[in-house]
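Take a look at the structure below.
Just so it is clear, none of the values below were taken in a lab; they were calculated from the coordinates. Just so we're clear, the structure is a prediction, and the values are computed from it rather than from any experiment. Note: ideal-geometry Cβ built from the backbone for every residue, glycine included; neighbour counts use all protein chains shown.
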Amino acid sequence: MTTPAATATGPAARTDEGAPLSALAPTAAAGALGECLNIADLREAARRRLPRGVFEFFDRGSEDEASLHGNREAFRKIKLRNRVLVDVSRRTQATTLFGKPMSMPLAIAPTGVAGVCWYEGEVELARAAARAGVPFTLATPSVTSIEKIAAVEGGRKWFQLYMWRERELSYDLVRRAKDAGFEALMLTVDTAVPPIREYNRRNAFSVPFQPNPRILADIAMHPRWLLGVALRYYMNGGLPTLAHYPKGASGRTAAPRGVSVPNLRGDDLTWDDVKRLRDMWKGPLMIKGVHLAEDAARAAAEGCDAIVISNHGGRNLDSAVAPIQVLPEIAAEVGGKIEILLDSGVRRGGDVVKALALGATAVLSGRPTLYGLSVAGEAGALHALSLLRKEIETTMGFTGCASVADISPRTVWME
């Protein structure tokens, strides 16, 4: 279901937006970015810049973090195979999804904490995605409104939805996204109950941000974030709040040590809700959080346009299967019937190639662009995308793939 959207022209290849690939990466003069040669470097730079509570909120997993580490281990166990004596001088990553072009087979995943990592972080991510020629997904628990993201010039915009118990509150968000011109709706279905993340309690950190002695001491040790993010918000209307959560909504509960967290998500979500959304939303509809082939088949039968195989980046069910492990089974069941996106654990361009080889249409990437955003805003997010783009291009060259369509099961080797 994936087809090339353009042809590259060798080393001076250009994105679908018309910008040369080299223009996507900021120069070494752009602060610390010049020293960040891969996503791991960006992660370390972000760790140094952010308060511990902010960084661990999105970087860590749940419980013993078996899923978090298992995602990376699963990718490592899959090997790539050289294909030789193939002309790969005109490689292109250009592809299509939902009938529209993408400069590479990747979209930015929904990450609700982006607006805390950098001032107006969701806006910066949306701009970076537009410049890079990839879709951006706005999360329900974001600090930037649907309408403000819609005003960002250019780019493809998707909206991620958590279905709340009070369904009309969620339906209102769906209508707002539709009226604002968002292309696609992504329903997250793997968070029926709140996950256990002890480090958030130890750090006394929550979203929306709520000052307390522990987090204030943490912030004091990170003056760049204090001045560049917290103080800028304070001087421009106050500390960020969740833009899509209704004022005075029921379901707020007090967590230990005075940390308040919204508790609106419904644990009664069923396939009937998917049918209702399908009736409401005429554009592409995705279901995020699928692990079972039978669920993927049901999503296709209910008229969904795509599924996202995901374990929430290891942040929800601990010991959950790594999405890359179940991808072949799900692809065998619904490949060609529905688009398959893979989320969780992608840190290298080679991971993207592995996912495509095993049946994915594209991948979602959340933490890599958050790391870049945390270091240098839009420029940092672009740098993260540029690093992944270069690694994908390199891996395609070694594996004899001149286009995304050339990536196939024979590209990988599995025990």
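What's the exposure ranking of W281, W271, W413, W118, going from fewest to most Cβ atoms within 10 Å?
W413, W271, W281, W118
Residue farthest toward the positive end of the dipole of the chain, with Cβ of Lys/Arg at +1 and Asp/Glu at -1: which of S403, V54, N316?
After comparing all options, I get V54.
With each run of n ≥ 4 DSSP H residues scored as -39500 (n - 2.57), what mean residue ellipticity at 222 nm is computed for the chain after dividing by its residue count and rounding to the nearest 500 deg cm²/dmol?
For the chain, the value works out to -11500 deg cm²/dmol.
Give a residue-ordered list of calculated ³J(HN,Hα) values for segment 137-146 (Karplus: 6.51 cos²θ - 1.76 cosθ + 1.60, θ = phi - 60°; whole Hz; x for Gly, Pro).
Using θ = phi - 60°, the values come out as 10, 8, 8, 3, x, 9, 9, 10, 6, 3 Hz.
Which of E378, E35 has the fewest other C-beta atoms within 10 Å, and how do the rest follow up to the most?
E35, E378
Taking segment 363-415 on its own, what percent of its Cα-Cα pair distances exceed 18 Å?
46
Can you list residues whose amide H is under 5 Å from M186's amide H, if they're 5+ apart or on another chain and H is modeled 1.01 Å from N?
When sequence neighbours closer than 5 places are left aside, the close amide H contacts are F159, Q160, L161, M286.
Which order results if D351, D41 are arranged by neighbouring Cβ count within 10 Å, fewest first?
The most exposed by this proxy come first: D41, D351.
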